[in-house]
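S.K.: The structure's right below; bear with me while I get my questions together.
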Amino acid sequence: MTVEEFRKLKTQKPPKKNKTETAAFEMWAKKQNLTFEKEVRFAPPRRWKADFLFTQNSKQIAVEIEGGVHSSGRHTRGVGFEKDMEKYNTYTYLGIYLLRFTTAQIEKEPAKCADFIKKCFLVK
């Protein structure tokens with residue numbers, strides 16, 4: 001590998017989530033008449049983003065999709081896990097409810113996930 005190839009590789013952005021991972025989930029959420037935004041920054045100046053932010057009346061529910069849970073991914077190892085806890089605690093501090101799903105749950109049971117979010121809006 002040449003120095004130039006290494007520099008290009010180093011500056012490339014990480015691949016985005018596969019859109020097909022969440023397509024069925026988004027469709028089911030829309031069928032449930034849920035209003036949501038994707039990749040929403042929620043605690044400036046931090047650069048944190050919620051994978052999804054659902055809003056109904058004045059209630060907000062953030063959805064985090066956890067990848068790599070069975071392969072010792074970032075979300076299940078030391079520093080990554082601790083940083084996630086800081087992010088998740090900030091949701092609570094800001095009054096945003098948090099739901100966490102694995103990628104497999106979103107892909108295999110999108111209707112069940114969307115239905116659960118809808119039920120959370122019904123709870124006072």
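Here's the yes/no breakdown for (1) surrounded by 15 or more Cβ atoms within 10 Å (Cβ to Cβ); (2) small (Gly, Ala, Ser); (3) free of Cβ contacts under 8 Å to residues at least 60 places away in the same chain:
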position: 84; (1), (2), (3): yes, no, yes
position: 91; (1), (2), (3): yes, no, yes
position: 95; (1), (2), (3): no, yes, yes
position: 102; (1), (2), (3): yes, no, yes
position: 107; (1), (2), (3): yes, no, no
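Residues checked against (1) modelled with pLDDT under 95; (2) within 17 Å of residue 105 (Cβ to Cβ):
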site	(1), (2)
6	yes, no
9	yes, no
21	yes, yes
26	no, yes
55	no, no
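S.K.: Going by what's in this entry, would residue 52 be described as of a type outside the set (D, E, K, R), without any contact (Cβ under 8 Å) to a residue 40 or more places away in the chain, part of a strand (DSSP E or B) and open to solvent by 30 Å² or more (accessible area, probe 1.4 Å)? Before you say what the answer is, go through the steps one by one.
M.R.: Working: of a type outside the set (D, E, K, R): yes; without any contact (Cβ under 8 Å) to a residue 40 or more places away in the chain: yes; part of a strand (DSSP E or B): yes; open to solvent by 30 Å² or more (accessible area, probe 1.4 Å): no.
For residue 52, the condition - of a type outside the set (D, E, K, R), without any contact (Cβ under 8 Å) to a residue 40 or more places away in the chain, part of a strand (DSSP E or B) and open to solvent by 30 Å² or more (accessible area, probe 1.4 Å) - is not met.
The values are calculated or read from the model by the stated rules, or taken from the named source; none is laboratory data. As the structure is a computational prediction, the values presented were derived from the model and not from experiment. So basically every Cβ, Gly included, is an ideal-geometry build from the backbone, and we count neighbours across all protein chains shown. Just so you know, the surface numbers come from the protein's heavy atoms only, side chains and all, with ligands and any DNA or RNA stripped out. Shrake-Rupley method; radii C 1.70, N 1.55, O 1.52, S 1.80 Å.
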